[in-house]
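Read the structure below first, then the notes.
The values are calculated or read from the model by the stated rules, or taken from the named source; none is laboratory data. Keep in mind that this is a model prediction, so the values were computed, not measured. Cβ atoms come from the backbone with ideal geometry, glycine included; neighbour counts cover every protein chain shown.
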Amino acid sequence: MNVSLFIPCFVDQMTPRVGLAVATVLERLGHAVEFRPAQTCCGQPSYNAGYWDEARAVAIRALEVFAGAEAVVGPSGSCVAMMRVFYPQLLADTPHEPAALDLAARTFEFGEFLVKKLGVTDVGARFPHRVTYHDGCHGLRELRLKDEPRALLAAVRDLELVECDELESCCGFGGLFSVKFPMVSTAMAEVKGGSLARTECDYIVSSDPSCQLQLDGWLAKNQAAGGKRPRMVHLAEILAGMAESPAGAAS
C-alpha cells in the first residue's frame, strides 16, 4: 500500500524516533511510505478547549493535506481518534462532511493498521526484556483497541509481557486536562505510574507518546533513590528494533 504518515505534535517535537520507527516497520513490510510536510496539529487542543471554530479550520486543512492518500497512519491513538471520531462530528452538516467521513475511513493507528488492515502480527522483531503495556485512553475507549498491541507484542521473540493491576486506568495526561487540573492529573499519574512500576519490568510500552511523556515525568520525579526505573518506549520502536539504543531512553 501507499501509506501517508500522520505525525502528531508530540512526535514531531519530542519523540521523532517514533515516526522513524513507524516508517521503518512499514517499509520493511514492503509498503511505500510518504510524509506530507504541509500537515499540522490535528486540532485536538482547540477542540478540547471549546474553540470549535478554530478546530474546524485545522480539520479542513487536514482534509486538504491528506486528500488522495490511500492510507493515513499515525503512532498516536489520541490524535488518530481526533481525525477519525471527532472530525466527522465537527464537520457534520457542512460541505466538508463527506470528505471528513472519507478521511476517517482511511485513517489508522499504527498497531491497528498492522493487525486489522494488513493482517500482520509478526514483523520479525526480537526484544529480550520484560515489558508492561499502558493503554492510552483514546486508543482504548474511542478506537476500541486493546488486543491489537498485545498481539504484536506476543509475536516479538524473547519478550515477556506482564500486565499491571490498573490495566485500564488513565495516566492523567488528557491534553489540556493536565494543564487545567494539575493536582488531579498528578494523582492519576501516581495510580497508573505506581501500578506499572510494581510490575518491575524493564520497559513500559505504549502506543501514545503523550501518555509516555506523562508517565516518564512521574517516574523520574517519584522513583525511589536506587530503585529500578523502567524505560518508556513506543510500540513502534520495539517492532523496528530501535528500542535498545541509548537514544531510545528519550522516548
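Residues considered: 57, 21. Of these, the only one that is farther than 18 Å from residue 116 by Cα, surrounded by fewer than 17 Cβ atoms within 10 Å (Cβ to Cβ) and either assigned by TED's automatic domain parsing to the domain that holds residue 180 or among the hydrophobic types (A, V, I, L, M, F, W, C) (or both) is 57. Please determine whether any residue of region 15-27 is within 24 Å of residue 213 (Cα to Cα), of a type outside the set (Lys, Arg) and free of Cβ contacts under 8 Å to residues at least 12 places away in the same chain. Yes, some residue in region 15-27 is within 24 Å of residue 213 (Cα to Cα), of a type outside the set (Lys, Arg) and free of Cβ contacts under 8 Å to residues at least 12 places away in the same chain.
Residue-wise test of (1) within 11 Å of residue 6 (Cα to Cα); (2) assigned by TED's automatic domain parsing to the domain that holds residue 171; (3) of a type in the set (S, T, N, Q); (4) at pLDDT below 95.
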| site | (1), (2), (3), (4) |
| --- | --- |
| 72 | yes, no, no, no |
| 77 | no, no, no, yes |
| 80 | yes, no, no, no |
| 87 | no, no, no, no |
| 90 | no, no, no, no |
| 98 | no, no, no, no |
| 103 | no, no, no, no |
| 107 | yes, no, yes, no |
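Does region 227-246 include one or more residues that are at pLDDT below 90, outside any helix (DSSP H, G or I), assigned by TED's automatic domain parsing to the domain that holds residue 164 and of a type in the set (A, V, I, L, M)? Yes, because at least one residue in region 227-246 is at pLDDT below 90, outside any helix (DSSP H, G or I), assigned by TED's automatic domain parsing to the domain that holds residue 164 and of a type in the set (A, V, I, L, M).
For the condition within 24 Å of residue 73 (Cβ to Cβ) and assigned to a helix (DSSP H, G or I), residue 211 qualifies.
Just wondering, is there one or more residues in region 29-43 that are modelled with pLDDT under 95 and either over 22 Å from residue 144 (Cα atoms) or touching a Leu at 6+ places or on another chain (Cβ under 7 Å) (or both)? Yes, some residue in region 29-43 is modelled with pLDDT under 95 and either over 22 Å from residue 144 (Cα atoms) or touching a Leu at 6+ places or on another chain (Cβ under 7 Å) (or both). In this structure, is residue 174 surrounded by 21 or more Cβ atoms within 10 Å (Cβ to Cβ) and under 17 Å from residue 237 (Cβ atoms)? Spelling it out, it is not the case that residue 174 is surrounded by 21 or more Cβ atoms within 10 Å (Cβ to Cβ) and under 17 Å from residue 237 (Cβ atoms). All told, residue 163 falls short of being at pLDDT 90 or above, closer than 30 Å to residue 29 by Cβ, crowded, with 19+ Cβ neighbours inside 10 Å and acidic (Asp, Glu).
On inspection, residue 197 fails the criterion of being more than 22 Å from residue 23 (Cα to Cα), out of contact with any strand residue (DSSP E or B) (no Cβ under 8 Å at 6 or more places or on another chain), assigned to a loop (DSSP other than H, G, I, E, B) and at pLDDT below 90.
Within region 86-103, does at least one residue satisfy the condition of being surrounded by 17 or more Cβ atoms within 10 Å (Cβ to Cβ), within 19 Å of residue 11 (Cβ to Cβ) and either in contact (Cβ under 8 Å) with a residue 60 or more places away in the chain or among the small types (Gly, Ala, Ser) (or both)? No, that holds for no residue.
Just one of the listed residues (159, 101, 118, 153) is of a type in the set (A, V, I, L, M), within 24 Å of residue 197 (Cβ to Cβ) and out of contact with any Phe, Trp or Tyr (no Cβ under 6 Å at 6 or more places or on another chain), and it is 153.
Against the list (1) within 24 Å of residue 129 (Cβ to Cβ); (2) surrounded by 14 or more Cβ atoms within 10 Å (Cβ to Cβ), the condition residue 154 fails is (2). Determine whether region 29-40 contains at least one residue that is of a type in the set (Phe, Trp, Tyr), surrounded by fewer than 20 Cβ atoms within 10 Å (Cβ to Cβ) and without any contact (Cβ under 8 Å) to a residue 24 or more places away in the chain. Checking region 29-40: not a single residue is of a type in the set (Phe, Trp, Tyr), surrounded by fewer than 20 Cβ atoms within 10 Å (Cβ to Cβ) and without any contact (Cβ under 8 Å) to a residue 24 or more places away in the chain.
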